[in-house]
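> Attaching a single structure in structure tokens format; questions to follow.
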Amino acid sequence: MTRQAPALQIRAAACTDLPALIALDSVAADDPRRAAQIGQWLADGHMHVAELDGRLAGYRVQHRHFFGEAFIEMLMVAAPLRGQGVGSTLLLHATSISAGTRLFSSTNQSNTSMQRLLAAAGFVRCGIVHGLDEGDPELIYRFATDDVR
């Protein structure tokens, strides 16, 4: 008898998730501003979490503050679970709830893992912003779909 891997569940984040969200975020451990930012994203209702075996495996922040278009501001996967499909599942969920609309995201030029993840999920690079992080431009991506208005 073979055991199946547990399914990853995506759900809206809840206020009770805050400690686990801060714990899984690789920046929040060293930057209290990130912990506060996570709390704000949660309060604003813009977060979805990936849950595996009842534990948070990652999160996504998505809003419409990018020229009125859907934008994935942050995608974070717990370090031990990276490369296991959590980020892909969060992106797939984002594209499914944004069907028929434009969906954008961005990442630093130095973040090649996120660039590969976005490309594999069907996002195409469409721009660049210099000056946000000195020496590390922000690459803008758009989900490539034919059903965009």
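The values are calculated or read from the model by the stated rules, or taken from the named source; none is laboratory data. These figures come from a predicted structure and were not determined experimentally. For neighbour counting, all protein chains shown are included, and Cβ atoms are generated from backbone atoms with ideal geometry for every residue, glycine included. We work out accessible area using only protein heavy atoms, side chains counted, and drop any ligands, DNA or RNA first. Shrake-Rupley method; radii C 1.70, N 1.55, O 1.52, S 1.80 Å.
> All but one of (1) surrounded by 13 or more Cβ atoms within 10 Å (Cβ to Cβ); (2) charged (D, E, K, R); (3) in contact (Cβ under 8 Å) with a residue 24 or more places away in the chain hold for ARG125, so report the exception by its number.
For ARG125, the exception is condition (3).
> Restricting to segment 13-31, give me the number of residues that are closer than 21 Å to HIS93 by Cβ and among the β-branched types (Val, Ile, Thr).
Result for segment 13-31: 1.
> If only one of GLY100, GLY122 is closer than 18 Å to GLN62 by Cβ and in contact with an Asp or Glu (Cβ under 8 Å, 6 or more places away or on another chain), which one is it?
GLY100
> Oh, and also: Out of segment 58-92, which residues are in contact (Cβ under 8 Å) with a residue 12 or more places away in the chain and among the basic types (Lys, Arg)?
Once the filter is applied, which keeps residues that are in contact (Cβ under 8 Å) with a residue 12 or more places away in the chain and among the basic types (Lys, Arg), segment 58-92 yields ARG60, ARG82.
> Looking at ALA94, ALA79, ALA144 in this structure, which one is of a type in the set (A, V, I, L, M) and under 13 Å from the mean Cα position of the chain (by Cα)?
Working: ALA79 fails: under 13 Å from the mean Cα position of the chain (by Cα); ALA144 fails: under 13 Å from the mean Cα position of the chain (by Cα).
Checking each option against the conditions leaves just ALA94.
> Shifting gears a bit: Pick out, from segment 1-118, the strands (runs of 3 or more DSSP E) lying fully within it that include 1 or more residues that are open to solvent by less than 30 Å² (accessible area, probe 1.4 Å) and touching a Phe, Trp or Tyr at 6+ places or on another chain (Cβ under 7 Å). Talk me through it step by step, then tell me what you get.
On the way: elements: 9-12, 47-52, 55-66, 69-77, 103-108.
Here the list reads 47-52, 55-66, 69-77, 103-108.
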